[in-house]
Amino acid sequence: MTLFFLFYLLLYGGIHLYVFYKLQAAYPLSFPAKTIVIGAFASMVISPVMVRLLERHGYELPANTFAHVGYLWMGLVFVFFSTSILLDLWRLAMHFGTWLGAAGLHGWMPQGRMRLLLPLVVSLLLTGYGYAAALRVAPETITLETDKLPHGMSRLRIVQISDVHLGLIVSGERLERICRVIEEANPDILVSTGDLLDGQLDGLASSVERLKRIQPRFGKVAVTGNHEYYAGIEQCVQLTQAAGFRLLRGERFDVGDIVRFVGVDDITGYRGGGSEFLTEARLLAGMENRRDMLTILLKHRPVVSKEALGGFDLQLSGHTHAGQILPFSLITRLYFPYHRGLYHLQNGSALYVSRGTGTWGPPIRIGSDPEVTIIDFVQRDGTRIPPAS
């Protein structure tokens, strides 16, 4: 954790130094003005720490204010940094072209204060768009054919939420939007593939109660994500169960003869010295006598075990947020080749990676709209059920 905090300070502090340099170059500041700007930037850098401290000591209103201001600023700064870097690369390319003798390129290079104002205006517009986009939780429907549904059942509807990150930012009206989409989908089963909870957990009673009111006919199941461990695994387990979910921690759970769920803990618990980590390959072993039963693997991270291929019909995962904010999707895609959407794997298995339902950190999404995933399993020779509108 100490190494992570030092890395965070170096990275986020370095971005603020870059922004300060751009500001100073465009508008030379007096000493008092510099002091004010540096103080404001420093407070934004440490705002996530301040939020946790204020939450921990019960100061909910200032924690909420600090969270919304600090994380929205974080999103704006990241977008400005990315946009400004692109502009710097553009200017470098124009300089290189001029050096090679290309005429007329000088006029294509923003000069003076435009080097600050142009990326700033673009960043403000993109941040405003991203804030609105994060509120537009919409259903994402996929239909999969199977011959494993019980006789007489033409469709099984599973609704997946992932990476909700309930806390100071995702609560109240934001959670209500998510719950309305779930209820309108009318699921047979609701699943959560990790990071349902985040931050300080003491003020989540109303959010837990709202989730508890959702009562699919075959129940709700969930697995842990990495943030359940960051927030405190014991309390997260209690809250997840209080919300009505059956939490699968290296377990198998059969819904009658309809569908089998296999759930694994996020590997964060194993790395942190927790109990023995049970892989999906071990959990799926010995199930040859139930190959005719629809099997869903719940695993927070979209990492596929080659040993488990063929042992499950569909793996449901999240974690990537599909980058959440461009251009971070380029980075997350490099680390997680299974990044977003449906992938058909070997031996009849498939994987679906959710873009995430809430937000982590900045309450904005650019290029990665939030989703509530509707998975309709239909009989292979049956009539297709039209997707939810």
query: Tally time: how many residues in segment 174-207 are open to solvent by 10 Å² or more (accessible area, probe 1.4 Å) and assigned to a helix (DSSP H, G or I)?
result: 9
- request: Look through L284, L294, L247, L342 and report the one residue that is open to solvent by less than 20 Å² (accessible area, probe 1.4 Å) and at pLDDT 95 or above.
  value: L247
message: Going through S206, S192, S171 one at a time, which residue ends up being among the hydroxyl-bearing types (S, T, Y) and touching a residue at least 40 places away in the same chain (Cβ under 8 Å)?
response: S192
task: Give the residue that is farthest from the chain's Cα centre (by Cα), with candidates limited to residues of segment 214-255 that are under 30 Å from L54 (Cα atoms) and in a loop (DSSP other than H, G, I, E, B).
output: G244
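The values are calculated or read from the model by the stated rules, or taken from the named source; none is laboratory data. As the structure is a prediction and not an experimental result, all values here were calculated from the model. Quick reminder, even Gly has a Cβ in these numbers, built from the backbone with ideal geometry, and neighbours come from all protein chains shown. What goes into the accessible areas is simple: the full protein's heavy atoms, side chains included, and nothing from ligands, DNA or RNA. Shrake-Rupley method; radii C 1.70, N 1.55, O 1.52, S 1.80 Å.
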